[in-house]
1. Please verify whether residue A:293 is assigned to a strand (DSSP E or B), closer than 23 Å to residue A:150 by Cβ and away from chain C (no Cβ under 14 Å), treating the condition exactly as stated.
2. Please go through the stretch B:130-164 and give me each residue that is hydroxyl-bearing (Ser, Thr, Tyr) and within 8 Å of another protein chain (Cβ to nearest Cβ), ordered by number.
3. Looking at residue C:70 and the list (1) in contact with a Phe, Trp or Tyr (Cβ under 6 Å, 6 or more places away or on another chain); (2) surrounded by 23 or more Cβ atoms within 10 Å (Cβ to Cβ); (3) of a type outside the set (Lys, Arg), which single condition is not satisfied?
4. Between residues in the stretch C:118-132 that are facing chain B (nearest Cβ under 7 Å) and residues that are surrounded by 18 or more Cβ atoms within 10 Å (Cβ to Cβ) and among the polar types (S, T, N, Q), which pairs lie under 9 Å by C-beta distance while being six or more apart or on different chains?
5. Taking residue B:90 as the residue in question, decide whether it is away from chain C (no Cβ under 13 Å) and aliphatic (A, V, I, L, M).
6. Which residues, taken from the stretch B:190-210, are more than 14 Å from every other protein chain (Cβ to nearest Cβ) and outside any helix (DSSP H, G or I)?
7. Residues of the stretch A:263-278 being modelled with pLDDT of 90 or more and under 20 Å from the mean Cα position of the chain (by Cα), which ones?
8. From the list B:186, B:115, B:125, which one is within 10 Å of chain C (Cβ to nearest Cβ) and surrounded by fewer than 21 Cβ atoms within 10 Å (Cβ to Cβ)?
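The values are calculated or read from the model by the stated rules, or taken from the named source; none is laboratory data. Given the structure is predicted, the values throughout are model-derived calculations rather than measurements. Backbone-built Cβ (ideal geometry, glycine too); neighbour counts: all protein chains shown.
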Amino acid sequence: MVSVPLSRRGFLAGIGGVGMASLLGACATGSDDSSAGAASTTLTLQSSLSDPDPKAALTKVVEGYSKTPVTLNTIAIETFRAQLPTYLNSGNPPDVLTWYAGSVARDYAGKGFLLDVSDLWTGNGACAGFSDALKELSTADGKQIFVPTNYYWWGVFYRKSAFQEWGVQVPTTWDEFIAVCKTIKSKGVAPISMGTGSTPWVASGWFDYLNLRINGAEFHRDLLAGKHAFDGPEVKTVMDHYRQLVEYIDPKGRSYSWQDAVTPLTAKKAGMYLIGAFITSGVPSDAVDDLDFFRVPIIDPSVPVAEEAPTDGYFASAKSKNPEGAKELLSYLASAPAQQQFIQLAKSSNLPTSQQVDTTTFAPLVQKGIKLLNESKAITQFFNRDSSDELQTTADTALTKFLDKPGDVNKILAEWQASAKKVLGS
Amino acid sequence: MTALAAPPRKKRLRAVPKVVWFFLLIPAAVEIGMVFWPAVNSFYLSLTEWNGLGAAKPVGLDNFKNLFADDIFRGALWNNVIWAIGFGGLSVLGGLALAVALNRPRRGVGLYRSAIYLPMVFSLAVTGLFWRVQYQPDGTINTLLGAVGLESVEKQWLANPDTALYAVLIAAVWRQVGYVMVLYLAGLKSTDPTLDDAAATDGAGPWQRFRYVTWPQLRGVNTVVFAVTVIDSLRTFDIVWAMTQGGPYHSSELLSTYMFQQGFTFLNLGYASAIAVVIFALALIFIITYLVRATKEEVA
Amino acid sequence: MSTATLTPVPAKTAGPPPTKPKRRRGWVFHAVMAPLTLLWVAPMVFVLVLAFRSFDDIAANGTAAWPVSLSLEGFREALGRGTMGRALWTSVQVTVPAVLLSLLLASWAAYALSRFHIPGRRAILLTMLAGNLLPPQILLIPVSRVMESLGIYDTLYALVAIHVGFGLGFYTFVLHGFMRSIPEELTEAARIDGAGVVQIYARIIMPLCRPSLAALGALATTWIFNDLIWAITVLRTEAKLPVTAALLNLQGGYVSNWNVVAAASVIAAVPTAIVFFAFQRHFVSGLLMGSSK
């Protein structure tokens, strides 16, 4: 008596959504789901790509897949991140999920949440041609659990025309960089934009890079693995450098998300922004050609140059009702045409992991990004990807506090070490 | 027991018809399944360590011991105290003042009342977004302050650890005042106007009349308002989640947001349940206050 | 007083004024109240204006500027790609059955507890009420597990179920108070005429409860419609998110598009505002029942 009107409503929901062309896939299941049990034929792809362009791009890519019907669920990244363990842990989890390579994925693999996709990495598998570095990145306990489909680089982005107006040159050393900041500040412009409001992890960008430039990639990885202390002398040196930057960082950034903080950069109200290549999706199309980036300046020339190149992709849930179907979908998503289609539609300047994608037609900015990564001696992911989301929150707390009160640095580092120990110890 | 002491009504003493049991048991079963059974589980989980996989590992009171050594938890607890006092205090003061001002019918009163309690029909998340816009660095509040020459007061309201909690608090109070006002308007309506008039003829000023005539008659409403605001303030989650997610660096963290983060982001389900139990323990005394009051109503 | 306040109180302060209207200090009253009220509605007006501005206008002039032109861009985006339209419909699908079911079940329990001599009925009633006062936090983790074991996790049934379960205690309590105030003679007469327990419930009790059902209905509608925490606890599919959760989801995707975010919050706020204005009288009396108890 009660269930009848409900399921009719569920059915109507499907019809109600038909008008939204971009979500056709989702609608199909809107009506489908009320009759549970059909789950084994339909695959669910849970996506955290909620920015309009990447979302539309993935929708298009998924529409091109015909073997099994796929429902695309897009959940805003912050909610997605918070709920990911719950998704994976539920009795009827999504089959395939967007996420990133690194410790976090390995962490979930260790808990038994992720589907073993090793066969995609051998023989004719979709990932067999990927680089060894990518394979290593996707491996946990000797098994591959991740399918990387694109990656991007980090750099200090700026507007060429703005640098011309202010009469500054691209800096290559730390001293030059500080000099550039000084000049830009003298023009009444905030030298560095950084949105640490609702996206406090952005503050870890500078931390990672300064650590990579001063102490090197190996130390950085060990630090995030808990083998060094956050209140040790090495990190103190890093923070001394960070402190030199504080006066040049746009104070309004504390209220901004990373996306908000792009606006002052494009409006030439801020000079530079250390951020991932995804920034291009947030820049108006008329300003994209004016956008350029440079490598984070070298501080100690004896330290091998390392860059951050976070890798994105997909993993599948161990509890998927249709593991073979999930693997086929992963193969499709990893294929060169799907990678290329996604990257182009998402306007994000990401780089393909498949070597079969022809990158020569990509924008000059992207070519420069590829070159940057090819020249680097070591690659890291990003703070959370190299450690865990829980350790990331300790970094967020410490670094945003530091940006507010740089004078308290010693106290902040001691607190950071204490909370990191708690996270790593558990 | 009181039920038995009530004067027995002959007809009701007969056996309760079967269908009536059915009427009672279905809702009771739903509530037990959705509320009481989960609640009992939470108590059990709070004594375990569990990441959602496999069996929960009993750890005794460890979670609670760890809680009180956890700075973030203590900060959140303190923030909850500030929140309860600020949220309760401001909305009671505002609501009471407005109720007194808008109690007597005159031209425009209906309009004023509607405007003031309109915000309370919005969800807390909508309220949060409404105010987030105002608090932006170049948003209305800073722009207005700048326009009247108070640039020095301009702040990054939600990004500044000294103001974030209060900025969220203001938004929450904005929504709550109308609710409290409605409660007090009802309370005022049940006061005896002849007492007030008598006091007025005796030459008592408006403040004296309020203090010595009206206020004592509002005691019942006060208890309810008190219990309701404290229970609401312990529940507060949506608005903080929508505005700051507890940041910057936990300065606007409340017990509920910290619990959500621990439970759903980090999957420390045992630890999160322990926080939930603390929230429950704090709410308990006010729940009892409310229930006692409810019982009195029932008996009366 | 108790039963009197349990019955809905008309919101309008009709009735003859006890004293002669005081005209003298009328202007002081309005001089204080008018600006205060304006201040009160200012945030709403501001968001409404923002929702009608274009992205380029906001990007160029900031959020706090006067609009240079009006545009429906924000609404178009929020309802289209932002999926607020679908979310509104989802909310209706959740709210309507949840409100009806809660009131139905609550009226059953209230009928049983108020008209029959069930042992321990006061304890049962207060326990049910206490369940509603529990902080939801204590239920979140187990509730998502319960939904899974029932096989309805991530369905709208789960959301309806938890809303019904969590709200029942309060609705039962209020309806119980009301039903107790219905004179025994009315039902007794019907019983003598041969009406059964169910007929008395359906033909006499429920029609008499109409005002309090309306008031509770108005109140429950806004509560359930405005919910966030249960929705994000038992749902994970974007296509099933009701309005409030969809709004936060959208905010994550349109971070610096303030016009879209503002338009979406207006869309989320409008239905409850309509309920409020349409049922203002019921709504206010619902609040009174809600809490003067």
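1. It is true that residue A:293 is assigned to a strand (DSSP E or B), closer than 23 Å to residue A:150 by Cβ and away from chain C (no Cβ under 14 Å).
2. The answer is B:135, B:140, B:143.
3. It is condition (2) that residue C:70 fails.
4. C:121/C:114; C:128/C:172; C:129/C:172
5. Answer is yes for this residue.
6. Matches in the stretch B:190-210: B:202, B:203, B:204.
7. A:272, A:273, A:274, A:275, A:276, A:277
8. On inspection, the qualifying residue turns out to be B:115.
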